[in-house]
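First the structure, in the form of structure tokens, and then the observations on it.
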Amino acid sequence: MADVLRSLRLGGRGNPAEACARALRAEGVALSLLVGDGRTPEPLWCHPEVSARFEELQFTLGEGPGPDAVRTGTPVTEPDLDRVRPDRWPALLPSARELGVHGVSCFPLSIGAIRIGVLTMLSDGDRRISEQQWTDATALAGALTGAFLNGDRRGDSGYALGPGTFLAWPTGLHRAKVHQATGMISVQAGVSMADAMLRLRAFAYSSERPLGEVADDVVARRLRFDDDMDDMSGPFSPDGGEG
């Protein structure tokens with residue numbers, strides 16, 4: 001972990017998620033930043049692929065240790081998801097098991113009431129994370145918080161941000177289509193942006209599809225939400241997608 005933190009300060013290059021997973025001795029690592037008025041989690045680092053899929057699952061369902069960590073501003077550690085009460089994350093738990101995710105620990109990137117992101121660490125579920133893993137993960141989360149709050153330059157924290165470095169800001173929004181689709185649903189159904197996001201999530205969950213994939217269909221006008229859809233049975237395209 002000392003090498004990882006040094007790389008952050010020196011603007012190290014390479015695969016930061018893989019380096020962090022190795023330093024944390026974790027099954028996977030993901031880093032998401034909160035952007036926009038809706039504080040949407042934008043994935044920045046993920047390794048391996050299952051970490052990206054778990055982040056997408058939490059975003060689609062709007063529940064899980066990541067959202068809880070962001071909401072409370074405190075780490076959420078569940079080293080064995082099989083021991084979690086089913087009513088805590090009713091939609092997430094069975095889907096996480098299908099992904100092969102056994103244990104999860106999420107550390108918010110925060111200072112006081114300020115929340116800028118979340119660091120997610122996947123574990124094998126056989127044991128609790130060690131004291132050293134906890135110390136390393138909180139140190140990494142703290143370092144990342146200081147770095148990103150200092151913008152795209154070397155600020156008081158001394159961390160380097162820039163193209164190709166560990167701390168490079170994303171060049172575009174991974175979830176841009178979701179933002180666009182939410183706005184379209186808000187207009188189509190005459191509801192607030194928050195309610196539009198809930199409708200989009202509900203349809204994605206009921207159809208067992210990733211949120212981004214459903215958003216693509218909305219933006220392409222293959223799917224449409226109307227204000228008379230009381231049962232949330234899903235969008236439809238009476239005009240064949242031309243409307």
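The values are calculated or read from the model by the stated rules, or taken from the named source; none is laboratory data. Bear in mind that the values here come from a model prediction, so they are computed numbers and not experimental data. Here the Cβ positions follow ideal geometry from the backbone for every residue, glycine too, while neighbour counts run over all protein chains shown. Quick note on the areas: whole protein, heavy atoms, side chains included, nothing else; ligands and nucleic acids left out. Shrake-Rupley method; radii C 1.70, N 1.55, O 1.52, S 1.80 Å.
Peptides 210-216, 52-58 ranked from most to least packed give 52-58, 210-216, packing being the mean of other C-beta atoms within 10 angstrom over each peptide's residues. Peptide packing for 82-94, 132-144 was compared via the average number of neighbouring C-beta atoms within 10 Å per residue; ordered from the highest value, the list is 132-144, 82-94.
Packing order of peptides 1-9, 197-205, 104-112, highest average first: 104-112, 197-205, 1-9 (average count of other Cβ atoms within 10 Å over each peptide's residues). With each label modelled as a point 7 angstrom along the Cα→C-beta vector, the residue 85-residue 193 pair spans 3.3 nm. The residues neighbouring residue 47, those whose beta-carbon lies less than 13 Å from its own, together hold a net charge of -2 under the Lys/Arg +1, Asp/Glu -1 convention.
Note on residue 128 and residue 226: the model spin-label points, each 7 Å out from Cα along the C-beta direction, lie 5.6 nm apart. Nonpolar atom fraction for the stretch 1-104, defined as the carbon and sulfur part of the 1.4 Å probe accessible area, stands at 47 percent. Per residue, the stretch 33-74 exposes 41 Å² of solvent-accessible protein surface, assessed with a 1.4 angstrom probe and all protein chains in place. Note that the stretch 29-112 carries a Kirkwood radius of 13.0 Å, evaluated over its alpha carbons pair by pair.
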